[in-house]
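Student: Let me begin by handing over the structure; questions about it come next.
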Ligand SMILES: Nc1ncnc2c1ncn2[C@@H]1O[C@H](COP(=O)(O)OP(=O)(O)O)[C@@H](O)[C@H]1O
Ligand SMILES: [Mg+2]
């Protein structure tokens with residue numbers, strides 16, 4: 001209050017921080033929209049979407065679609081398998097169910113590389129060295145967390161609500177789809193989002209399972225793109241990075257709204 | 001409207017039996033209240049009638065049909081839960097329409113029945129709201145409305161008022177009584193609150209530790225409790241129980257005075273019961289009991305005086321108006337000619 005000095009100092013410090021934070025992003029954006037990009041932090045002389053056009057066509061475009069399929073497929077399969085297993089785990093008095101869940105989670109703490117070899121040979125035997133194989137493998141690896149999260153959400157749905165629906169004539173399937181799932185939609189959204197971004201960023205599994213250019217997702221494609229055309233094509237790479245990052249950001253904003261509303265158990269007590 | 005009959009109904013959880021053979025006939029259109037202390041098995045009994053708990057033994061019939069193996073939705077019952085169990089992600093309308101929609105009722109009829117129930121319960125303005133935007137009393141009505149729209153033969157209530165504050169509870173109690181008169185349906189109502197039991201019931205079923213202690217109209221239970229448990233439980237002020245010694249010419253009261261009494265079974269009397277509202281103030285000369293006033297609670301319309309007898313027992317008196325009493329003063333009491341309850345060593349009433 002007495003003096004402006006501290007706030008001026010703060011402002012300078014904040015500006016400094018902002019520059020540090022923002023400069024990589026501005027570099028990324030300036031280069032991505034500059035068709036004549038050289039990799040320098042400079043004001044582009046021409047602005048255009050040529051880099052983006054390049055990054056969504058041909059190989060890069062196919063990689064985007066591959067990534068989408070792997071990420072959305074893994075997220076959706078994780079949610080479906082997770083729900084089918086977590087609901088009974090939440091409702092049935094299975095002895096040792098918590099110990100079982102935590103054991104699964106602890107096992108998952110092992111580095112993924114540790115299970116890669118058996119996973120690879122299993123997939124090879126089953127003829128699943130393809131995208132479906134990646135989706136199934138990632139779902140299996142996700143399952144402990146998916147189960148734990150969804151079970152905890154289902155636990156918060158009061159059993160009396162299910163009983164009320166049952167008395168009113170709802171079948172088990174109707175109870176789950178009309179009561180339990182809508183009330184757990186925040187939890188389902190979280191699981192879907194984490195599985196999606198996890199699978200989107202996954203590098204090792206698709207690299208080993210796919211092994212052909214056509215099946216690479218963007219994570220692998222980005223790695224392969226370095227030095228592919230002799231010199232590094234900064235414009236293409238920056239545009240590619242932005243597209244690579246976009247879905248995760250988009251999904252986050254889409255689901256954030258969902259997460260703020262409707263946590264289970266709200267507004268039952270008088 | 002259906003009658004409900006229970007024959008030797010039992011319930012066990014593993015080796016633990018919590019309901020020990022209950023026999024009860026509920027007539028069509030009757031309002032029956034199960035009352036008893038917490039944990040006595042009221043909810044369990046109700047849930048067995050609802051079909052939410054399997055029956056371990058005996059037989060339950062609704063409308064003449066044995067329903068032991070009939071799933072809940074086909075029993076013709078509707079249940080109102082203590083927590084209301086409203087679906088928080090559905091509007092009030094959808095909450096009330098849920099069962100009808102499941103039964104594939106035509107849309108126009110769903111609309112009509114929900115509106116009619118909402119009109120009866122005066123919740124029409126809230127039909128589009130979500131449950132979390134309602135007060136406790138309003139949620140309670142929605143829960144009852146959800147039961148009404150299904151037009152059940154038997155309504156089951158499990159402590160429906162226990163989450164409401166005192167004023168709202170009294171008001172809703174009156175409305176449930178009106179509703180029973182208007183709907184002409186069989187209602188089974190569970191509560192641990194004897195005031196709700198007294199005011200609502202056609203017949204009260206007093207339960208204790210998984211057994212029926214007594215079944216009767218509120219006044220029957222008030223006037224002729226069959227044992228000390230019922231005598232102590234039914235009434236707003238607990239009955240006074242005095243240890244007495246039977247002698248040839250009467251009962252020797254605490255303090256040594258003898259109450260002259262003519263009764264065939266007088267030799268067996270161990271406990272004398274008298275309700276606080278029946279005890280009278282008296283002079284030292286003609287008193288049956290004397291003690292020191294320990295506490296007095298003034299309610300304006302009446303007062304409760306707690307007198308401590310020389311032997312250490314506390315006796316409660318309910319006195320009309322606002323008597324001028326001071327803590328520490330001597331109180332002399334006279335037993336009434338009528339309204340005395342005699343119990344034997346096992347607590348059974350002697351008539
Ligand atoms: N699922 C259960 N498993 C074991 N015991 C139970 C279960 N449900 C209720 N009980 C026991 O049964 C008895 C009656 O319970 P309840 O009917 O809920 O009593 P209340 O009269 O308070 O409604 C209690 O002693 C309670 O502990
Ligand atoms: Mg109960």
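The values are calculated or read from the model by the stated rules, or taken from the named source; none is laboratory data. Keep in mind the model is a prediction, meaning the values are calculated, not measured. Because the Cβ atoms are built from the backbone with ideal geometry, glycine has one as well, and the counts that use them run over all protein chains shown.
Student: If residue A:127 passes every condition in (1) farther than 28 Å from residue B:98 by Cβ; (2) assigned to a helix (DSSP H, G or I); (3) over 25 Å from the mean Cα position of the chain (by Cα) but one, which one does it miss?
Tutor: (2)
Student: Is the range B:57-71 home to any residue that is crowded, with 20+ Cβ neighbours inside 10 Å, within 14 Å of another protein chain (Cβ to nearest Cβ) and over 22 Å from the mean Cα position of the chain (by Cα)? Spell out the reasoning first.
Tutor: Initial filter on the range B:57-71 (crowded, with 20+ Cβ neighbours inside 10 Å): B:60, B:62, B:67.
Keeping just the survivors that are within 14 Å of another protein chain (Cβ to nearest Cβ) gives B:62, B:67.
Retained after the next criterion (residues that are over 22 Å from the mean Cα position of the chain (by Cα)): B:62, B:67.
The answer is yes; a qualifying residue exists.
Student: Also, I was wondering about something else. Scan the range B:31-43 and tell me whether some residue there is within 14 Å of another protein chain (Cβ to nearest Cβ) and either assigned to a loop (DSSP other than H, G, I, E, B) or within 16 Å of ligand 1 (Cβ to nearest atom) (or both).
Tutor: yes
Condition check ((1) touching a residue at least 24 places away in the same chain (Cβ under 8 Å); (2) away from ligand 1 (no atom under 13 Å from the Cβ)) across all residues:
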{"residue": "B:1", "(1), (2)": "yes, yes"}
{"residue": "B:11", "(1), (2)": "yes, no"}
{"residue": "B:23", "(1), (2)": "yes, yes"}
{"residue": "B:29", "(1), (2)": "yes, yes"}
{"residue": "B:49", "(1), (2)": "yes, no"}
{"residue": "B:56", "(1), (2)": "yes, no"}
{"residue": "B:65", "(1), (2)": "no, yes"}
{"residue": "B:68", "(1), (2)": "no, yes"}
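Student: Just checking, which of A:184, A:171, A:195 is within 14 Å of chain B (Cβ to nearest Cβ) and in contact with a helix residue (DSSP H, G or I) (Cβ under 6 Å, 6 or more places away or on another chain)?
Tutor: Details: A:171 fails: in contact with a helix residue (DSSP H, G or I) (Cβ under 6 Å, 6 or more places away or on another chain); A:195 fails: within 14 Å of chain B (Cβ to nearest Cβ).
Answer to the check: A:184.
Student: May I ask you to say which residue of A:216, A:153 is farther than 30 Å from residue A:58 by Cβ and buried (at least 21 other Cβ atoms within 10 Å of the Cβ)?
Tutor: Result: A:153 is the single residue among A:216, A:153 that is farther than 30 Å from residue A:58 by Cβ and buried (at least 21 other Cβ atoms within 10 Å of the Cβ).
Student: Within the range B:175-248, considering only strands (runs of 3 or more DSSP E) that don't extend past its boundaries, which have at least 2 residues that are surrounded by fewer than 21 Cβ atoms within 10 Å (Cβ to Cβ)?
Tutor: Working: elements: B:186-191, B:203-208, B:211-216, B:240-243, B:245-247.
Where strands (runs of 3 or more DSSP E) fall fully within the range B:175-248 and carry at least 2 residues being surrounded by fewer than 21 Cβ atoms within 10 Å (Cβ to Cβ), they are B:203-208, B:211-216, B:240-243, B:245-247.
One line per residue, one yes/no per condition, for (1) in a helix (DSSP H, G or I); (2) at positive phi; (3) at pLDDT below 95:
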position: A:52; (1), (2), (3): yes, no, yes
position: A:64; (1), (2), (3): yes, no, yes
position: A:77; (1), (2), (3): yes, no, no
position: A:81; (1), (2), (3): yes, no, no
position: A:88; (1), (2), (3): yes, no, yes
position: A:94; (1), (2), (3): no, no, yes
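Student: Report yes if residue B:11 is outside any loop (DSSP other than H, G, I, E, B), within 16 Å of ligand 2 (Cβ to nearest atom) and more than 21 Å from residue B:177 (Cα to Cα), otherwise no. Full working, then the answer.
Tutor: Details: outside any loop (DSSP other than H, G, I, E, B): yes; within 16 Å of ligand 2 (Cβ to nearest atom): yes; more than 21 Å from residue B:177 (Cα to Cα): yes.
Criteria met by residue B:11.
Student: Show me the strands (runs of 3 or more DSSP E) entirely contained within the range B:250-315 in which 3 or more residues are at pLDDT 90 or above and touching a strand residue (DSSP E or B) at 6+ places or on another chain (Cβ under 8 Å).
Tutor: Numbers: elements: B:250-252, B:258-260, B:271-274, B:289-298, B:302-308.
Where strands (runs of 3 or more DSSP E) fall fully within the range B:250-315 and carry at least 3 residues being at pLDDT 90 or above and touching a strand residue (DSSP E or B) at 6+ places or on another chain (Cβ under 8 Å), they are B:271-274, B:289-298, B:302-308.
Student: Please work out which one of (1) more than 13 Å from chain A (Cβ to nearest Cβ); (2) buried (at least 18 other Cβ atoms within 10 Å of the Cβ); (3) closer than 30 Å to residue B:12 by Cα; (4) at pLDDT below 95 is the condition residue B:117 fails and give its number.
Tutor: Tallying (1) more than 13 Å from chain A (Cβ to nearest Cβ); (2) buried (at least 18 other Cβ atoms within 10 Å of the Cβ); (3) closer than 30 Å to residue B:12 by Cα; (4) at pLDDT below 95, residue B:117 fails exactly one: (3).
Student: Also: So, in the range A:163-180, exactly how many residues are touching a residue at least 60 places away in the same chain (Cβ under 8 Å) and surrounded by fewer than 19 Cβ atoms within 10 Å (Cβ to Cβ)?
Tutor: 0
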